[in-house]
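One structure is given here, and the rest of the page talks about it.
Since every read-out is calculated from the coordinates, none of them should be taken as a lab result. Worth saying up front: this structure is predicted, and the values here are computed from it rather than measured. For neighbour counting, all protein chains shown are included, and Cβ atoms are generated from backbone atoms with ideal geometry for every residue, glycine included.
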Amino acid sequence: MGERRREQSAPARPPRPSPEILKRRAKWTNTGRVRPGWAQTPRPGQRSVWDFPRPPMLAPVRDVVRVEVSGCLVAETRVALQVLETASPPTIYIPPGDVDARTLAPNGISTCCEWKGAAEHFDVAAGGRRSPDAAWAYPDPFPEFAAIRAWLAFHPARVDRCLVGDEAARAQPGGYYGGWVTSDLAGPFKGEPGSQAW
């Protein structure tokens with residue numbers, strides 16, 4: 001009796017940046033190698049966002065990270081990762097196991113980052129309040145960001161509190177980007193008036 005061969009499906013190939021995305025990547029002149037003259041001088045214990053690299057990199061967050069909506073704890077983790085990119089305060093990503101999934105509602109919005117890939121967005125509902133478009137995740141990121149596949153990021157301006165340790169982070173200026181501004185950062189930050197080309 002002949003042995004039946006099992007058909008194995010090839011593993012899915014991770015998405016690759018399109019030529020258009022590669023063009024968008026190439027346009028950046030500020031790459032973290034040289035701090036521009038308008039950058040603030042960091043005080044002792046501060047990091048300059050102008051020393052962060054482009055292409056961006058992932059780094060661990062040493063402190064406990066928490067997100068709250070209407071007095072409810074939506075997320076809490078000791079293993080958050082931050083994306084560091086020239087001119088921007090870090091965007092913090094939390095593993096899905098440390099987020100209360102009951103608070104997340106997919107809202108059909110999708111965006112594309114030239115470094116991380118396609119993101120899906122979520123409303124966050126807790127304590128009787130629904131915060132539109134307050135979180136996002138990359139379900140199938142580009143290979144360089146595979147470590148944050150399906151991890152959640154929260155927009156500080158669209159939830160009540162984002163905490164790094166005991167410090168409440170402020171929202172990145174301008175409302176578009178989701179960086180967390182803390183006292184250990186020196187700017188100026190992308191999102192401020194006149195910063196579109198940063």
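Could you put Tyr138, Tyr93, Tyr176 in order, starting from the residue whose Cβ has the fewest other Cβ atoms within 10 Å?
Tyr176, Tyr138, Tyr93
Taking every pair of alpha-carbon atoms in the chain, what share in percent sits in each 10 Å bin, from 0 to the bin with the longest distance?
Taking every Cα pair in the chain, the percentages come to 9, 33, 34, 16, 4, 2, 1, 0.
What nm distance separates the two modelled labels at Asp184 and Arg149, each placed 7 Å from Cα along Cα→Cβ?
Result for the modelled spin labels: 2.9 nm.
Against the globular-protein guess of 2.2 N^0.38 Å, express the Cα radius of gyration of the range 21-113 as a ratio, rounded to two decimals.
So the Cα radius of gyration is 1.34 times the expected 2.2 N^0.38 Å.
Amide H of Lys190: which non-local residues (sequence gap of 5 or more, or other chain) have their own amide H closer than 5 Å, using H built in the peptide plane?
Close amide H contacts, sequence-distant or interchain: Ser88.
In nm, to one decimal, how far is the modelled label at Thr111 from the one at Gln196, with both set 7 Å along Cα→Cβ?
In this crude spin-label approximation the distance works out to 1.7 nm.
Give me the extension gain from Gln46 to Trp28: residue separation times 0.36 nm, minus the current Cα-Cα distance, reported in nm with one decimal.
4.0 nm
Of Pro188, Pro89, Pro15, which has the largest mean-square fluctuation in a 10 Å C-alpha GNM of the chain?
For the chain, modelled as a Gaussian network with Cα springs under 10 Å, the answer is Pro15.
Residue separation times 0.36 nm, minus the C-alpha to C-alpha distance between Arg161 and Ala118: what's the value? Write down the numbers at each step before the final one.
Values: separation 43, 0.36 × 43 = 15.48 nm, distance 2.59 nm.
Between Arg161 and Ala118, full extension yields an extra 12.9 nm.
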